[in-house]
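Working notes for the structure below.
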Amino acid sequence: MSAIMRLPQNVRLGIGLVCCGVVLFAVGEAFVKVLVPKHDVPQIVWARYLFHAAVFFVLFPTAGVARQLRTTRPLLHVTRSLLMLLATTLFFTALRYLPLADAVAINFAAPLLVTALSIPLLGEKVGWRRWCAIVVGFLGVLLIIRPGLGAMHWAAVLPLGTAVCYSLYQVLTRIAARTDNVQTSLFWTSAVGVLVSSCIVPFFWTTPTLASWGWMIALGAVYGVGHYLLIRGLEIAQASVVSPFIYTQIVWAAALGYLFFGDLPDGFTVTGACIVIASGLYIWRRESRPAA
(Lines give C-alpha, C1' and ligand atoms only; values in the text may rest on other atoms or scores of the structure.)
Protein backbone atom coordinates (compact mmCIF):
# COMPACT_ATOMS: atom_id res chain seq x y z
CA MET A 1 0.00 0.00 0.00
CA SER A 2 1.32 3.43 -0.92
CA ALA A 3 2.28 6.12 1.56
CA ILE A 4 -0.73 8.16 0.46
CA MET A 5 -3.12 5.50 1.73
CA ARG A 6 -1.57 5.67 5.21
CA LEU A 7 -2.25 9.36 5.74
CA PRO A 8 -4.13 10.08 9.00
CA GLN A 9 -7.65 11.47 8.72
CA ASN A 10 -7.94 15.26 9.01
CA VAL A 11 -11.30 16.69 7.98
CA ARG A 12 -10.35 20.37 8.10
CA LEU A 13 -7.19 19.85 6.09
CA GLY A 14 -9.09 17.64 3.63
CA ILE A 15 -11.71 20.34 3.06
CA GLY A 16 -8.99 22.95 2.64
CA LEU A 17 -7.13 20.85 0.07
CA VAL A 18 -10.30 20.18 -1.93
CA CYS A 19 -11.23 23.87 -1.92
CA CYS A 20 -7.72 24.83 -3.07
CA GLY A 21 -7.87 22.17 -5.77
CA VAL A 22 -11.13 23.45 -7.27
CA VAL A 23 -9.81 27.01 -7.18
CA LEU A 24 -6.92 25.82 -9.35
CA PHE A 25 -9.37 24.09 -11.72
CA ALA A 26 -11.22 27.39 -12.16
CA VAL A 27 -7.93 29.18 -12.77
CA GLY A 28 -6.98 26.54 -15.35
CA GLU A 29 -10.29 27.05 -17.14
CA ALA A 30 -9.57 30.79 -17.24
CA PHE A 31 -6.18 30.01 -18.82
CA VAL A 32 -8.00 27.96 -21.47
CA LYS A 33 -10.19 30.95 -22.33
CA VAL A 34 -7.04 33.03 -22.75
CA LEU A 35 -5.55 30.45 -25.14
CA VAL A 36 -8.55 29.43 -27.30
CA PRO A 37 -8.59 32.60 -29.43
CA LYS A 38 -4.96 31.93 -30.43
CA HIS A 39 -4.69 28.14 -30.65
CA ASP A 40 -6.87 25.20 -31.66
CA VAL A 41 -8.33 23.12 -28.86
CA PRO A 42 -6.26 19.95 -29.63
CA GLN A 43 -3.06 21.94 -29.10
CA ILE A 44 -4.33 23.30 -25.77
CA VAL A 45 -5.41 19.81 -24.70
CA TRP A 46 -1.93 18.52 -25.60
CA ALA A 47 -0.28 21.22 -23.50
CA ARG A 48 -2.60 20.51 -20.59
CA TYR A 49 -1.68 16.81 -20.62
CA LEU A 50 2.02 17.26 -21.31
CA PHE A 51 2.68 19.71 -18.50
CA HIS A 52 0.23 17.92 -16.21
CA ALA A 53 2.35 14.79 -16.72
CA ALA A 54 5.43 16.84 -15.86
CA VAL A 55 3.82 17.75 -12.54
CA PHE A 56 3.03 14.06 -11.98
CA PHE A 57 6.70 13.14 -12.32
CA VAL A 58 7.66 15.92 -9.91
CA LEU A 59 5.12 14.83 -7.29
CA PHE A 60 5.81 11.10 -7.59
CA PRO A 61 9.29 9.52 -7.78
CA THR A 62 10.28 8.59 -11.33
CA ALA A 63 11.85 5.42 -9.97
CA GLY A 64 8.34 4.11 -9.41
CA VAL A 65 7.15 4.54 -13.01
CA ALA A 66 7.43 0.84 -13.85
CA ARG A 67 5.50 -0.06 -10.70
CA GLN A 68 2.74 2.48 -11.47
CA LEU A 69 2.47 1.21 -15.06
CA ARG A 70 1.92 -2.37 -13.88
CA THR A 71 -1.73 -3.41 -13.96
CA THR A 72 -3.80 -6.46 -14.77
CA ARG A 73 -6.41 -4.27 -16.50
CA PRO A 74 -4.65 -2.21 -19.18
CA LEU A 75 -7.73 -2.07 -21.43
CA LEU A 76 -9.80 -0.65 -18.58
CA HIS A 77 -7.23 2.07 -17.93
CA VAL A 78 -6.92 2.93 -21.63
CA THR A 79 -10.71 3.20 -21.94
CA ARG A 80 -11.11 5.43 -18.90
CA SER A 81 -8.16 7.57 -20.01
CA LEU A 82 -9.65 8.07 -23.48
CA LEU A 83 -12.95 9.09 -21.88
CA MET A 84 -11.10 11.69 -19.81
CA LEU A 85 -9.31 12.95 -22.93
CA LEU A 86 -12.62 13.29 -24.77
CA ALA A 87 -14.21 15.01 -21.77
CA THR A 88 -11.34 17.51 -21.65
CA THR A 89 -11.57 18.21 -25.39
CA LEU A 90 -15.32 18.82 -25.25
CA PHE A 91 -15.02 21.09 -22.23
CA PHE A 92 -12.17 23.16 -23.66
CA THR A 93 -14.14 23.55 -26.89
CA ALA A 94 -17.13 24.76 -24.86
CA LEU A 95 -14.95 27.36 -23.16
CA ARG A 96 -14.25 28.90 -26.57
CA TYR A 97 -17.91 29.91 -26.76
CA LEU A 98 -19.41 29.90 -23.25
CA PRO A 99 -18.81 31.86 -20.05
CA LEU A 100 -16.85 29.97 -17.41
CA ALA A 101 -19.73 29.74 -14.94
CA ASP A 102 -22.19 28.42 -17.55
CA ALA A 103 -19.85 25.65 -18.70
CA VAL A 104 -18.99 24.62 -15.14
CA ALA A 105 -22.64 24.62 -14.04
CA ILE A 106 -23.69 22.30 -16.88
CA ASN A 107 -20.71 20.03 -16.21
CA PHE A 108 -21.92 19.58 -12.63
CA ALA A 109 -24.45 17.12 -14.04
CA ALA A 110 -21.64 14.53 -13.83
CA PRO A 111 -22.36 13.42 -10.21
CA LEU A 112 -25.99 12.86 -11.17
CA LEU A 113 -24.91 10.68 -14.09
CA VAL A 114 -22.46 8.74 -11.93
CA THR A 115 -25.31 7.80 -9.61
CA ALA A 116 -27.50 6.72 -12.54
CA LEU A 117 -24.71 4.73 -14.22
CA SER A 118 -23.72 3.00 -10.98
CA ILE A 119 -26.81 0.80 -11.36
CA PRO A 120 -25.97 -1.00 -14.64
CA LEU A 121 -22.17 -0.75 -14.40
CA LEU A 122 -21.49 -1.25 -10.69
CA GLY A 123 -24.60 -3.15 -9.63
CA GLU A 124 -25.44 -0.54 -6.98
CA LYS A 125 -28.97 0.15 -5.79
CA VAL A 126 -30.42 3.64 -6.14
CA GLY A 127 -33.62 4.43 -4.27
CA TRP A 128 -36.52 6.52 -5.50
CA ARG A 129 -35.35 9.59 -3.57
CA ARG A 130 -32.05 9.70 -5.44
CA TRP A 131 -33.83 9.05 -8.74
CA CYS A 132 -36.01 12.09 -8.01
CA ALA A 133 -32.87 14.12 -7.27
CA ILE A 134 -31.36 13.00 -10.60
CA VAL A 135 -34.48 14.06 -12.52
CA VAL A 136 -34.67 17.40 -10.72
CA GLY A 137 -30.97 17.98 -11.33
CA PHE A 138 -31.37 17.46 -15.06
CA LEU A 139 -34.30 19.86 -15.07
CA GLY A 140 -31.81 22.37 -13.67
CA VAL A 141 -29.43 21.58 -16.55
CA LEU A 142 -32.26 22.14 -19.03
CA LEU A 143 -33.01 25.47 -17.38
CA ILE A 144 -29.42 26.54 -18.03
CA ILE A 145 -29.31 25.28 -21.62
CA ARG A 146 -32.94 26.18 -22.48
CA PRO A 147 -33.06 24.00 -25.62
CA GLY A 148 -35.25 25.26 -28.44
CA LEU A 149 -35.49 28.79 -27.05
CA GLY A 150 -32.37 30.13 -28.73
CA ALA A 151 -31.25 31.70 -25.47
CA MET A 152 -28.07 29.67 -25.05
CA HIS A 153 -25.24 29.04 -27.54
CA TRP A 154 -25.26 25.64 -29.28
CA ALA A 155 -21.98 24.87 -27.50
CA ALA A 156 -23.96 24.47 -24.25
CA VAL A 157 -24.40 20.80 -25.20
CA LEU A 158 -20.61 20.28 -25.04
CA PRO A 159 -20.29 20.48 -21.22
CA LEU A 160 -23.17 18.01 -21.05
CA GLY A 161 -21.11 15.70 -23.26
CA THR A 162 -18.21 16.32 -20.90
CA ALA A 163 -20.40 15.30 -17.97
CA VAL A 164 -21.36 12.04 -19.72
CA CYS A 165 -17.73 11.16 -20.51
CA TYR A 166 -16.50 12.19 -17.08
CA SER A 167 -19.19 10.19 -15.28
CA LEU A 168 -18.23 7.08 -17.26
CA TYR A 169 -14.60 7.82 -16.42
CA GLN A 170 -15.45 8.02 -12.72
CA VAL A 171 -17.39 4.77 -12.77
CA LEU A 172 -14.51 2.96 -14.52
CA THR A 173 -12.09 4.53 -12.04
CA ARG A 174 -14.13 3.03 -9.20
CA ILE A 175 -13.80 -0.35 -10.88
CA ALA A 176 -10.05 0.13 -11.38
CA ALA A 177 -9.68 1.07 -7.69
CA ARG A 178 -10.63 -2.49 -6.75
CA THR A 179 -7.24 -3.73 -7.98
CA ASP A 180 -5.04 -0.66 -8.59
CA ASN A 181 -4.04 2.32 -6.45
CA VAL A 182 -4.63 5.99 -7.19
CA GLN A 183 -1.12 6.59 -8.52
CA THR A 184 -1.55 3.85 -11.13
CA SER A 185 -4.83 5.38 -12.32
CA LEU A 186 -3.25 8.84 -12.48
CA PHE A 187 -0.25 7.55 -14.38
CA TRP A 188 -2.36 5.83 -17.05
CA THR A 189 -4.61 8.88 -17.42
CA SER A 190 -1.62 11.16 -17.98
CA ALA A 191 0.33 8.74 -20.19
CA VAL A 192 -2.57 7.93 -22.53
CA GLY A 193 -3.53 11.60 -22.74
CA VAL A 194 0.02 12.66 -23.67
CA LEU A 195 0.47 9.87 -26.24
CA VAL A 196 -2.86 10.35 -28.02
CA SER A 197 -2.80 14.16 -27.98
CA SER A 198 0.82 14.13 -29.22
CA CYS A 199 -0.30 12.10 -32.25
CA ILE A 200 -3.10 14.57 -33.02
CA VAL A 201 -1.48 17.94 -32.25
CA PRO A 202 0.75 18.14 -35.39
CA PHE A 203 -2.40 18.56 -37.50
CA PHE A 204 -3.48 21.59 -35.44
CA TRP A 205 -0.11 23.09 -34.59
CA THR A 206 0.37 26.84 -34.37
CA THR A 207 3.77 27.93 -33.14
CA PRO A 208 3.17 29.47 -29.71
CA THR A 209 4.60 32.80 -28.71
CA LEU A 210 6.66 33.00 -25.54
CA ALA A 211 3.57 34.25 -23.74
CA SER A 212 1.48 31.33 -25.04
CA TRP A 213 4.13 28.86 -23.88
CA GLY A 214 3.85 30.45 -20.45
CA TRP A 215 0.07 30.08 -20.42
CA MET A 216 0.32 26.46 -21.58
CA ILE A 217 2.87 25.52 -18.93
CA ALA A 218 0.78 27.25 -16.28
CA LEU A 219 -2.34 25.44 -17.56
CA GLY A 220 -0.81 22.00 -17.13
CA ALA A 221 0.74 22.95 -13.80
CA VAL A 222 -2.47 24.24 -12.18
CA TYR A 223 -4.47 21.22 -13.38
CA GLY A 224 -1.76 18.86 -12.18
CA VAL A 225 -1.47 20.44 -8.74
CA GLY A 226 -5.26 20.80 -8.55
CA HIS A 227 -5.82 17.09 -9.16
CA TYR A 228 -3.10 16.26 -6.65
CA LEU A 229 -4.73 18.43 -3.95
CA LEU A 230 -8.17 17.03 -4.71
CA ILE A 231 -6.97 13.43 -4.40
CA ARG A 232 -5.08 14.20 -1.20
CA GLY A 233 -8.14 15.88 0.27
CA LEU A 234 -10.34 12.89 -0.56
CA GLU A 235 -7.78 10.56 1.00
CA ILE A 236 -7.36 12.27 4.37
CA ALA A 237 -11.07 13.01 4.90
CA GLN A 238 -14.25 11.10 4.11
CA ALA A 239 -15.53 11.74 0.60
CA SER A 240 -19.06 12.28 1.91
CA VAL A 241 -17.73 15.20 3.98
CA VAL A 242 -15.42 16.96 1.53
CA SER A 243 -17.05 16.20 -1.83
CA PRO A 244 -19.77 18.88 -1.52
CA PHE A 245 -17.02 21.50 -1.40
CA ILE A 246 -16.16 20.64 -5.02
CA TYR A 247 -19.20 22.73 -5.93
CA THR A 248 -17.42 25.86 -4.73
CA GLN A 249 -15.69 25.76 -8.11
CA ILE A 250 -18.67 27.50 -9.68
CA VAL A 251 -18.20 30.49 -7.36
CA TRP A 252 -14.60 30.91 -8.49
CA ALA A 253 -15.54 30.31 -12.13
CA ALA A 254 -18.18 33.03 -11.96
CA ALA A 255 -15.78 35.43 -10.22
CA LEU A 256 -12.93 34.84 -12.69
CA GLY A 257 -15.31 34.99 -15.65
CA TYR A 258 -16.62 38.36 -14.50
CA LEU A 259 -13.27 39.88 -13.48
CA PHE A 260 -11.28 38.88 -16.57
CA PHE A 261 -13.82 38.31 -19.34
CA GLY A 262 -16.80 40.44 -18.30
CA ASP A 263 -19.14 37.42 -18.20
CA LEU A 264 -21.92 37.49 -15.63
CA PRO A 265 -24.38 34.54 -15.36
CA ASP A 266 -28.02 35.44 -15.98
CA GLY A 267 -30.87 34.56 -13.64
CA PHE A 268 -31.73 31.33 -15.47
CA THR A 269 -28.15 30.09 -15.22
CA VAL A 270 -27.91 30.94 -11.52
CA THR A 271 -31.24 29.25 -10.77
CA GLY A 272 -30.37 26.19 -12.83
CA ALA A 273 -26.95 25.93 -11.20
CA CYS A 274 -28.53 26.08 -7.74
CA ILE A 275 -30.91 23.26 -8.68
CA VAL A 276 -28.10 21.10 -10.06
CA ILE A 277 -25.92 21.73 -7.01
CA ALA A 278 -28.78 21.06 -4.58
CA SER A 279 -29.57 17.78 -6.35
CA GLY A 280 -25.94 16.73 -6.28
CA LEU A 281 -25.60 17.57 -2.59
CA TYR A 282 -28.74 15.61 -1.78
CA ILE A 283 -27.42 12.57 -3.64
CA TRP A 284 -24.10 12.80 -1.78
CA ARG A 285 -26.01 13.02 1.50
CA ARG A 286 -28.08 9.93 0.66
CA GLU A 287 -25.04 7.98 -0.56
CA SER A 288 -23.23 8.71 2.71
CA ARG A 289 -25.91 6.65 4.45
CA PRO A 290 -25.43 2.88 4.20
CA ALA A 291 -29.16 2.27 3.81
CA ALA A 292 -29.86 5.18 1.42
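Failed condition for Phe92, given (1) surrounded by fewer than 17 Cβ atoms within 10 Å (Cβ to Cβ); (2) among the hydrophobic types (A, V, I, L, M, F, W, C); (3) at pLDDT 95 or above, with all others met?
It fails just one condition, (1).
Does the range 136-148 contain at least one residue that is under 16 Å from Tyr169 (Cα atoms) and either at pLDDT below 75 or among the small types (Gly, Ala, Ser) (or both)?
Step one: filter the range 136-148 for residues under 16 Å from Tyr169 (Cα atoms), giving none.
No; the residues of the range 136-148 include none that is under 16 Å from Tyr169 (Cα atoms) and either at pLDDT below 75 or among the small types (Gly, Ala, Ser) (or both).
Could you list all residues from the range 257-271 that are modelled with pLDDT under 85 and of a type outside the set (A, V, I, L, M)? Break it down stepwise before answering.
Initial filter on the range 257-271 (modelled with pLDDT under 85): 264-269.
Listed by number, the residues that qualify are Pro265, Asp266, Gly267, Phe268, Thr269.
Need a quick list: helices (runs of 4 or more DSSP H) entirely within the range 114-227 having at least 2 residues that are hydroxyl-bearing (Ser, Thr, Tyr). Step through it out loud before you land on a result.
Numbers: elements: 128-145, 157-176, 182-200.
In the range 114-227, 157-176, 182-200 are the helices (runs of 4 or more DSSP H) which contain 2 or more residues that are hydroxyl-bearing (Ser, Thr, Tyr).
If Trp188 passes every condition in (1) more than 16 Å from Ile231 (Cβ to Cβ); (2) surrounded by 19 or more Cβ atoms within 10 Å (Cβ to Cβ) but one, which one does it miss?
Of everything listed in (1) more than 16 Å from Ile231 (Cβ to Cβ); (2) surrounded by 19 or more Cβ atoms within 10 Å (Cβ to Cβ), Trp188 misses just condition (1).
Matching residues to (1) more than 19 Å from the chain's Cα centre (by Cα); (2) within 21 Å of Val104 (Cα to Cα):
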position: Leu142; (1), (2): yes, yes
position: Arg146; (1), (2): yes, yes
position: Pro159; (1), (2): no, yes
position: Leu172; (1), (2): no, no
position: Ala176; (1), (2): no, no
position: Ser190; (1), (2): no, no
position: Phe203; (1), (2): yes, no
position: Pro208; (1), (2): yes, no
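When you check Gln68 against the structure, is it of a type in the set (S, T, N, Q), modelled with pLDDT under 95 and over 14 Å from the mean Cα position of the chain (by Cα), yes or no? Walk me through it before giving the result.
Values: of a type in the set (S, T, N, Q): yes; modelled with pLDDT under 95: yes; over 14 Å from the mean Cα position of the chain (by Cα): yes.
Spelling it out, Gln68 is indeed of a type in the set (S, T, N, Q), modelled with pLDDT under 95 and over 14 Å from the mean Cα position of the chain (by Cα).
Please enumerate the residues belonging to the range 149-182 that are modelled with pLDDT of 80 or more, in contact with an Asp or Glu (Cβ under 9 Å, 6 or more places away or on another chain) and of a type in the set (Gly, Ala, Ser).
Ala156
The values are calculated or read from the model by the stated rules, or taken from the named source; none is laboratory data. Because the structure is predicted, anything quoted here is derived from the model rather than measured. Using ideal geometry, Cβ is built from the backbone for each residue, glycine included, and neighbour counts are taken over all protein chains shown.
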